[in-house]
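Taking it in order: structure first as structure tokens, then the write-up.
Throughout, read-outs are computed from the coordinates displayed, never taken from laboratory work. Predicted model, so just to flag it, every value in this text is computed and none were measured. Positions of Cβ are backbone-derived with ideal geometry, glycine not excepted, and every protein chain shown enters the neighbour counts.
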Amino acid sequence: MELLDYLKRAVQDHTSDLFFIAGGPVCERLDKRLIPISDEKIFPQEAEQLIMGLFALARRAPERFLNSGDDDFSLSVPELARFRVNAYRQRGSLAAVVRVVPFGIPDWQELRIPDQVMSLAGLTHGMVLVTGTAGSGKSTTQACIIDRINQTRDCHIITLEDPIEYLHRNRRSIVSQREIAIDSENYLSALRACLRQAPDVILLGEMRDAETIRTAMTAAETGHLLIATLHTKGAANAIDRIVDTFPGGQQEQIRAQLSMVLHTVVSQQLLPGAAGSLVPAFEVMHVNNAIRSLIRDNKTHQLDNAIASSGGEGMMTMDQSILSLCKSGAITAETAEAYADNPEQLHRRLG
């Protein structure tokens, strides 16, 4: 099979990822299962041809990748799909993992994104964090929120991504999509520049360092809605991750600033569904006065209890979301207990 054949197969099978790694067959990930789609193992020379083919489709020079050993980029195949590529070296040979990204924005209702997450599109200022482990659907959730803003409000939306995944067409809003390393040098310089580009909404692909986090909080303080990604699981871990990025002498000030600027933390993970497809579970924490005090006073270990007792304000813990999915039949009891933060308590509630 040729490179385009593999890409077409991945789209036809509705797979999430495609793996080109020498020493084994080409595989696709379908609902968390790895399925071989080549008849035989591929050798380093074949892997190199496939990876160079990806660079050619993207019209991207491979020299940076060959020198550094890692590269992220995206490409489009007309009438097929977009693809996000991470190319890397392993055991001296070239390899790549290719994420399949549909051209259109997915339907949030079909994806089971809850109303309290989609309602964030109505915010006009403050910081929203979308967190979760790699492959948990953060980018898709963000794309759905941005799409709703684009369809319902007159805004200038600026996205800073590495690389760009979902493409947004101008509807009621104007959408400027900037790709790091192509349209700007790095996240920090892009974020600083975008504050002079009259944004209403800023999507920040990742907050990687203290200076970027500080600039992001300043942007949210000065009347912008800033939606950012963190690779953490749970609201409490997200708060700790941000604070721990700073030196000890600055952490008290950062907690105070974060408690005032943060509006919502959404944490998500994908669970195997009873019908075979993946089902998302969400934790949602809106920052009310009680949670603001816990963040400021460094009592993040109490956040779960505060979220659990604030269901009337649109909040829910991860275990409450998992319990709801189980009771609706979307996932099995075994899956619910396997992915719960507190399996014993969930078992009792199911019983």
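The figures follow:
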item	result
Distance between the stretch 125-145 and the stretch 4-64 - C-alpha centres, whole angstrom	26 Å
Rg to Rh quotient for the stretch 1-51, alpha carbon positions, Kirkwood Rh	0.94
Backbone HN-Hα couplings from phi across the stretch 187-195 [Karplus 6.51/-1.76/1.60, Hz, Gly and Pro as x]	4, 5, 5, 5, 5, 4, 5, 5, 5
Nitroxide proxy distance, nm - points 7 Å out along Cα→Cβ at Q12 and D72	3.1 nm
Kirkwood Rh and Cα Rg combined as Rg/Rh, the stretch 223-351	1.02
For the stretch 204-217, 3J(HN,Hα) per residue [Karplus equation, 6.51 cos²θ - 1.76 cosθ + 1.60, θ = phi - 60°, Hz, x = Gly/Pro]	10, x, 6, 9, 9, 8, 4, 5, 5, 4, 4, 5, 5, 5
Taking all pairs of distinct alpha-carbon atoms in the stretch 86-230, Kirkwood radius in angstrom	15.9 Å
For the chain: span of alpha carbons on each principal axis (Å, largest first)	59, 55, 43
Segment N186-R59, length gained on full extension (0.36 nm per residue, minus Cα span)	43.6 nm
Gain on full stretching of the segment that runs from N342 to A193 - 0.36 nm per residue minus C-alpha separation	49.3 nm
Gyration tensor over alpha-carbon atoms, the stretch 3-101, equivalent ellipsoid semi-axes in Å	20, 17, 11
Cβ-based charge dipole, the chain, positive-most Cα from Q257, Y6, V101	Q257
Proportion of all alpha-carbon pairs of the stretch 195-285 beyond 19 Å (%)	46 percent
Estimated [θ] at 222 nm from DSSP helical runs (n ≥ 4, -39500 (n - 2.57)) normalised by residues in the chain, nearest 500	-11000 deg cm²/dmol
Cβ crowding within 10 Å averaged over residues, with 216-228, 145-157, 59-71 ranked highest first	216-228, 145-157, 59-71
Stretchable slack from K41 to E110, in nm (0.36 nm times residue separation minus alpha-carbon distance)	21.2 nm
